[in-house]
Amino acid sequence: MKFNCVLVGAALAIAAPALAQPTEVADPYGAGSISKGHYSTIERKLETAYQKGDRSPEVLLNLAAIRLGEKRGAEARDLYKAVLDQPNVDMATLSGNATSHEVAQRGMAGALAMID
């Protein structure tokens, strides 16, 4: 079974996230940086990938986590929705395993709370 790795939801108590980070490779999606609130470098990398058409759950979920951290709930919600519109895949997280849809649903709750 293939596992995709990503920062889960947001590193905010609002969404009660389970932070995810690659277990076999050196943090290609910036989970460590995002969990510490260090967004700038990884945000540029993820945004570039997104602009080039990368709609992988890892890119979408990590961008959404950054948007939540920046208090941009509507943008985060749209990214989580994009994950939910894709097939559900297994993700390796810092707190164990989850599916991309589980991660997106937890993050979506935080985004909606922020918007309301």
Checklist entry - Length gain on complete extension for the stretch residue 27 to residue 105, per 0.36 nm per residue less the alpha carbon to alpha carbon distance? => result 25.8 nm
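Using 0.36 nm per residue, how much length does the chain from residue 78 to residue 51 gain when fully extended, once their Cα-Cα distance is taken away?
Numbers: separation 27, 0.36 × 27 = 9.72 nm, distance 1.50 nm.
Length gained, residue 78 through residue 51: 8.2 nm.
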Next on the checklist: Keeping all protein chains in place and using 1.4 angstrom, which order do 101, 38 fall into by accessible surface area, from largest down?
Outcome noted: 38, 101
Next on the checklist: For region 31-114, which trypsin sites (Lys or Arg not before Pro) pass both filters: DSSP loop (anything but H, G, I, E, B) and at most 12 other C-beta atoms within 10 Å?
Outcome noted: 36, 52, 71
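Contour minus end-to-end for residue 90 and residue 40, with contour as 0.36 nm per residue of separation and end-to-end as the Cα-Cα distance? Working shown, then result.
Numbers: separation 50, 0.36 × 50 = 18.00 nm, distance 2.73 nm.
Here the segment from residue 90 to residue 40 would lengthen by 15.3 nm.
The values are calculated or read from the model by the stated rules, or taken from the named source; none is laboratory data. Worth saying up front: this structure is predicted, and the values here are computed from it rather than measured. Using ideal geometry, Cβ is built from the backbone for each residue, glycine included, and neighbour counts are taken over all protein chains shown. Each accessible area value is taken on the protein alone, full model and side chains, heavy atoms only, with ligands, DNA and RNA left out. Shrake-Rupley method; radii C 1.70, N 1.55, O 1.52, S 1.80 Å.
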